[in-house]
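Encoded as structure tokens, the structure appears first; notes follow it.
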């Protein structure tokens with residue numbers, strides 16, 4: 001196992017260059033040494049990535065004849081343009097995948113990560129009794145902290161606001177990193193916050209915090225909001241590699257289900273969150289399943305929330321499963 005970390009400024013510059021390059025060229029080979037079974041994988045501190053980290057630490061990838069090199073990149077929105085050059089597989093979200101396709105970047109979903117269902121939510125809109133936001137309709141004129149303005153939680157929240165008769169433009173948006181969200185809300189510097197697991201546990205620990213609901217489940221009764229992607233050419237030319245990647249995720253999910261304490265130890269190692277947050281967090285509903293039906297839900301939400309009006313071939317954004 002090889003783990004690499006790039007400084008934020010360095011990775012941002014690198015990915016900006018590769019984004020431009022990928023828009024005009026295709027690279028179907030591995031980002032590594034030319035061997036498609038040497039996978040360079042990137043993801044952030046999201047709990048959705050836990051199966052990959054468990055598979056790394058438990059030697060599961062090696063059992064499936066895969067060598068994996070991991071790089072932690074917190075801003076996963078920058079990753080589609082780096083696929084095929086810096087990375088082979090990356091954690092991503094539907095809004096980023098659809099936007100990348102609209103920009104001519106040929107990427108595709110190759111494996112699922114988590115699915116939101118009632119009782120096991122990963123998306124949260126959290127208000128505060130102190131700031132007077134105890135209902136989504138009270139967000140008008142308030143300040144909302146977000147992980148990213150282009151992410152799935154924010155797109156879903158804007159669609160939710162519109163459905164409740166609230167103009168999203170009436171809400172002031174401030175970007176707040178996950179680890180800082182609890183302090184920002186508790187101090188009153190923001191009136192509400194959008195977040196995901198495991199950061200939501202820390203935010204909800206405050207007695208003033210109030211969970212307003214899961215924005216994802218306002219779009220559909222169950223919904224995938226995060227998954228793994230690669231270049232379309234890579235997925236098409238190496239279906240055996242993709243199939244083994246999914247199989248490794250499935251095995252790792254079994255390990256997580258069988259040994260909760262060990263899984264949480266791994267989660268703590270790659271997120272750096274305190275023990276209290278790790279122990280109190282509810283682990284997501286993991287899946288390696290590719291769910292093409294969810295992309296249509298997200299495309300509809302992007303059109304509703306942001307006026308996205310481009311035609312996108314959603315079928316091309318889902319790799320064939322073996």
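The values are calculated or read from the model by the stated rules, or taken from the named source; none is laboratory data. As the structure is a computational prediction, the values presented were derived from the model and not from experiment. Quick reminder, even Gly has a Cβ in these numbers, built from the backbone with ideal geometry, and neighbours come from all protein chains shown.
Checking the condition under 30 Å from residue 203 (Cα atoms), in the same structural domain as residue 256 (by TED's automatic domain parsing) and over 11 Å from the mean Cα position of the chain (by Cα), which residue from 96, 71, 108 passes?
From the options 96, 71, 108, the qualifying one is 71.
If a residue has to be more than 14 Å from residue 144 (Cα to Cα) and either within 19 Å of the chain's Cα centre (by Cα) or part of a strand (DSSP E or B) (or both) to count, how many in region 119-133 make the cut?
The total comes to 4.
Which residues, counting only those in region 54-63, are buried (at least 21 other Cβ atoms within 10 Å of the Cβ) and either farther than 20 Å from residue 255 by Cα or in contact (Cβ under 8 Å) with a residue 60 or more places away in the chain (or both)?
54, 55, 60, 61, listed by residue number.
Which numbered condition in (1) under 18 Å from the mean Cα position of the chain (by Cα); (2) buried (at least 22 other Cβ atoms within 10 Å of the Cβ); (3) not assigned by TED's automatic domain parsing to the domain that holds residue 86 is the only one that residue 201 fails?
So residue 201 meets the others, but not (2).
When you look at residue 186, is it within 27 Å of residue 278 (Cα to Cα), part of a helix (DSSP H, G or I) and not assigned by TED's automatic domain parsing to the domain that holds residue 98, yes or no?
yes
Being part of a loop (DSSP other than H, G, I, E, B) and either in contact with a strand residue (DSSP E or B) (Cβ under 6 Å, 6 or more places away or on another chain) or under 22 Å from residue 140 (Cβ atoms) (or both) is the filter here, so list the residues in region 189-203 that pass it.
Matches in region 189-203: 189, 190, 191.
Could you list all residues from region 82-93 that are surrounded by 24 or more Cβ atoms within 10 Å (Cβ to Cβ) and either assigned to a helix (DSSP H, G or I) or over 19 Å from the mean Cα position of the chain (by Cα) (or both)?
Within region 82-93, 82, 84 qualify.
How many of the residues making up region 204-234 are part of a helix (DSSP H, G or I), more than 17 Å from the chain's Cα centre (by Cα) and surrounded by fewer than 24 Cβ atoms within 10 Å (Cβ to Cβ)?
4
Which of the residues spanning region 153-168 are in a loop (DSSP other than H, G, I, E, B) and either touching a residue at least 40 places away in the same chain (Cβ under 8 Å) or crowded, with 22+ Cβ neighbours inside 10 Å (or both)?
Those that are in a loop (DSSP other than H, G, I, E, B) and either touching a residue at least 40 places away in the same chain (Cβ under 8 Å) or crowded, with 22+ Cβ neighbours inside 10 Å (or both): none in region 153-168.
Has region 47-62 got any residue that is under 23 Å from residue 216 (Cβ atoms), within 12 Å of the chain's Cα centre (by Cα) and outside any helix (DSSP H, G or I)?
No, region 47-62 has no match at all.
Checking the conditions here, which among 297, 277, 312 is touching a strand residue (DSSP E or B) at 6+ places or on another chain (Cβ under 9 Å) and either closer than 30 Å to residue 237 by Cβ or at pLDDT below 90 (or both)?
297
Out of the residues in region 275-315 that are under 21 Å from residue 48 (Cβ atoms) and without any contact (Cβ under 8 Å) to a residue 12 or more places away in the chain, which is nearest to the chain's Cα centre (by Cα)?
Within region 275-315, the match that is nearest to the chain's Cα centre (by Cα) is 293.
From the list 304, 280, exactly one residue is closer than 30 Å to residue 162 by Cβ, surrounded by fewer than 23 Cβ atoms within 10 Å (Cβ to Cβ) and in the same structural domain as residue 86 (by TED's automatic domain parsing). Which is it?
Checking each option against the conditions leaves just 304.
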